[in-house]
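In what follows, a structure is listed as structure tokens, so that the remarks can point back to it.
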Amino acid sequence: MELDYDKLLSRAREGLEDVMTDDARFVPPEPEVLYEGKRTILRNFSDMADALRREPDHFSKYLVQELGTAGNTEGRRLVLQGRVPEKKVADRVDAYLRAFVLCEECHRPDTNFQRQGRTLVLQCEGCGAHRPIRAGGA
């Protein structure tokens, strides 16, 4: 029984995990920032953490640390003390994306955290690359 290339390729792809293909483009959600008095609210915080495939706790600790303010999660949103400019929030989300989500080799978001001994490593599911994550990240 001889199978043609396309059938073999289709069968091989069915067995793979759901990893982004080359023709798909990753577009992270834009932060939805609202202000209530002196507080800044990131309304779509949980949706952003889900899209980035990261734990909300790790993501929130990073944002709070980088923005230099106190904050906590309330339901599906992140509440920060003080009025933080929307551009500053967006810049810190982009920095998180570069530091903890995107692969430095293939630039795909198909990554996850692995622990190797005492070191936390960012492992790419797309190309197999891995790199240690800086300790001060969160």
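Below is a table of values for the structure above.
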| read-out | value |
| --- | --- |
| Selected residue [loosely packed, with under 12 Cβ neighbours inside 10 Å, of a type in the set (Gly, Ala, Ser) and more than 25 Å from Leu34 (Cα to Cα)] from Gly117, Gly75 | Gly117 |
| Tally, over the stretch 86-108, of residues that are touching a helix residue (DSSP H, G or I) at 6+ places or on another chain (Cβ under 9 Å) and farther than 29 Å from Ala70 by Cβ | 1 |
| Odd one out for Val93 among (1) in contact (Cβ under 8 Å) with a residue 60 or more places away in the chain; (2) more than 17 Å from Pro29 (Cβ to Cβ) | (2) |
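Any read-out appearing in this document is the output of simple, stated calculations on the displayed coordinates, not a laboratory observation. Since this is a predicted model, take the numbers as computed values, not measurements. Every residue, glycine as well, gets a Cβ built from its backbone with ideal geometry; the counts of neighbours run over all protein chains shown.
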